Each structure stands twice: as C-alpha cells, then as structure tokens.
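Comments concern the structure below.
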C-alpha cells in the first residue's frame, strides 16, 4: 500500500512539474480558410495562422469561393459555380464529404454559419431579387427571411445567434439593417446621407 501511494505521489509531482501548454501552441491547430486563385480559377484553401500547413480543400474547374467555417471547425460552407450560376456547398476541412445545399439554379452565395452550427444564412435571388435565406447544413429547412422591395444581402450572425445583420437598399440607398434570426423585427441601423453602408460584421 505504501509503495502504491508513493508511486501515485511521484506521478502527481511529475505532472505538476510539467509546463502548461501555451496558448499559441493550442492555437497552432487553428485554420484560416481563404480563396486561392491560380490561373484565373478560384478554389478554397486553408493554412495555419503561423503560415504552415497551407493546402487546398477544393479542386474544381469551376470557381469556389467565400468560405465560412462551421463553429466546430470541421466543415466549410462556400459558394460555387460548379453547378451553373452559383450554389451553396459544404465540405469537410480535409476535402471530403462534399454536399450541395441549394439547387435554385440562380445566384446563391455569401454563406454565413450560425454560431450554434445549425443553420447557414446566405444571399439568393430565388425570390426574384437578392434576399437573405437560411438552410440547415444537411440541405433541409430552407427558409426565406427577407421579402421586401429592394436587395438584401451579406448576412452576418450575431455572436449569440439570435440576430442577423445585413446590407439593404430597400430605401434606395445602401444601409445596414438587423433582424431576428427568424426574419422578424427587421429595422435599419444606419441611414447615412451621401454614403453607402455595407458588409456588416459583429463584435465578439
């Protein structure tokens, strides 16, 4: 019993003496997704923040761009021309499990993954004009959020996933608007005379 207790004590002392894993080492596994254009063709690629591990995720004759990581970092939503005008696809960060989510036949782009990973917001012309839609990562649950006159695009989720900011020209000028994640309570945030406001992003 004394020998067992002594062994446990030695292991505990050794573990306590080991240095803590620095934050920058933990961050070394993080990835940055981006558009990589070669010979006029765009694909999705990733790299680590320290400049290592750069590799392609997609490789197709058609353009793939506008990547958006899933919150758990295992998948990337992106916009692709491989099906024609433009659709939303999802792929694993290793380049496997490609899935086409939208099949409207027009323009679908600018994907933005919700913080809880259950929905992807995107811009589409499926309703006759540019509008904001959401869809689940498995391709189900398609839902139109905006239906007003004018164009609504560039969706950006709030950190808690309850709201979406977007760009709108429904008042004949480019402004920033916000709505609830279900499309309710739409209202403008900006109305700047002589200026165009676009591409919103939330603080953490």
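The angle between the Cα long axis of helix 2-17 and the main principal axis of the chain comes to about 40°, on a 0 to 90 degree scale. For the pair the stretch 82-105 / the stretch 134-204, the C-alpha centres are spaced 23 Å from each other.
With 0.36 nm allotted per residue and the present C-alpha distance subtracted, the residue 169-residue 47 stretch has 40.4 nm of extension available. Its convex hull of Cα atoms gives the chain a direction-averaged projected area, equal to a quarter of the hull surface, of 17.0 nm².
Work out how much length residue 38 to residue 103 would gain on full extension: take 0.36 nm times their residue separation and subtract the Cα-Cα distance, in nm to one decimal. Kindly include the intermediate steps, with their values, before the conclusion.
On the way: separation 65, 0.36 × 65 = 23.40 nm, distance 2.69 nm.
Value of the extension gain: 20.7 nm.
Extending 7 Å from the Cα toward the beta-carbon at both residue 142 and residue 184 defines two label points whose distance is 2.5 nm. When shorter helices are ignored and each DSSP H run of at least 4 residues is given -39500 (n - 2.57), the per-residue value for the chain at 222 nm works out to -3000 deg cm²/dmol.
Size estimate for the stretch 37-142 follows the Kirkwood approach: the inverse of mean 1/r over distinct Cα pairs works out to 14.0 Å. Given R0 = 41 Å, the distance between the Cβ atoms of residue 55 and residue 160 translates into a calculated FRET efficiency of 0.80.
Every number here is computed from the coordinates shown, using simple stated rules; none is lab data. None of the values given here were measured: they were computed from a predicted structure. Cβ: placed from backbone, ideal geometry, glycine included. Neighbour counts: every protein chain shown.
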